[in-house]
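All remarks here apply to the structure that follows.
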Amino acid sequence: MERAKGTRIEMDNTQKITSSGVPWTESQVIRFPAGLPGFEHARKFIIMSVPEHQPFHWMECVDEGNNIRFAIINPLSFRPDYQPKIKKEELASLDIKDPKDLLLYVIVTLRTPLVESTANLMGPLFVNIREKVGKQIIIENDAYSLRERIIP
């Protein structure tokens, strides 16, 4: 039996350091091909979980020259009824084959005191964790706000 021949692509797993001092490798990178609204030049991010910061995560840009870091959260953790209406065409670029591969986050503005913190429910982040690609989609729905309180 003959084996199929193909080109093997090696991923650079050399450890690098983010601008905030966090080690990362290319295998962790999630690409946002269009960037994020207002941050179109920022296209490569890593998502980090710090146990003492739960339920928040950090999404940090690893593009050279960008010092951008967002606090993010799964909106279902504080708003279980959150159901943004998204057209299939808007998610097509994420190439989702299995719904389990899709992660949902929203960007958070952390404030002191924490009870003043808000989340942008009008711009959810969708991430295909298998393909390592993401997209922020702006939704038009009066039921959601740019500054939704996380803690009632």
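Per-structure values
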item	result
Criterion violated by GLU60 - all others in (1) assigned to a loop (DSSP other than H, G, I, E, B); (2) surrounded by 14 or more Cβ atoms within 10 Å (Cβ to Cβ); (3) of a type in the set (Asp, Glu) satisfied	(1)
Enumeration of residues in the range 86-95 that are surrounded by 11 or more Cβ atoms within 10 Å (Cβ to Cβ) and either within 19 Å of ILE46 (Cα to Cα) or not aliphatic (A, V, I, L, M) (or both)	GLU90, SER93, LEU94, ASP95
Qualifying residue in the range 69-79 (condition: surrounded by fewer than 14 Cβ atoms within 10 Å (Cβ to Cβ) and among the β-branched types (Val, Ile, Thr))	no
From the options PHE45, PHE39, residue that is more than 22 Å from ILE151 (Cβ to Cβ), under 12 Å from the mean Cα position of the chain (by Cα) and not charged (D, E, K, R)	PHE45
Qualifying positions in the range 15-46 - surrounded by 14 or more Cβ atoms within 10 Å (Cβ to Cβ), out of contact with any helix residue (DSSP H, G or I) (no Cβ under 7 Å at 6 or more places or on another chain), among the hydrophobic types (A, V, I, L, M, F, W, C) and in a strand (DSSP E or B)	TRP24, ILE30, LEU36, PHE39, PHE45
Subset of the range 98-135 (residues that are surrounded by 18 or more Cβ atoms within 10 Å (Cβ to Cβ) and more than 21 Å from GLY38 (Cα to Cα))	ASN128
Condition met for SER19 (polar (S, T, N, Q), more than 12 Å from the chain's Cα centre (by Cα) and at pLDDT 85 or above)	no
Qualifying residues in the range 47-57 (those that are touching a residue at least 40 places away in the same chain (Cβ under 8 Å) and closer than 16 Å to SER77 by Cα) - the one surrounded by the fewest Cβ atoms within 10 Å (Cβ to Cβ)	HIS57
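Conditions tested, residue by residue: (1) polar (S, T, N, Q); (2) touching a residue at least 24 places away in the same chain (Cβ under 8 Å); (3) touching a Leu at 6+ places or on another chain (Cβ under 7 Å).
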site	(1), (2), (3)
LEU94	no, yes, no
LYS100	no, no, no
VAL127	no, yes, yes
ARG130	no, yes, no
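The values are calculated or read from the model by the stated rules, or taken from the named source; none is laboratory data. Predicted model only: the values in this text are computed from it and were never measured. Cβ atoms come from the backbone with ideal geometry, glycine included; neighbour counts cover every protein chain shown.
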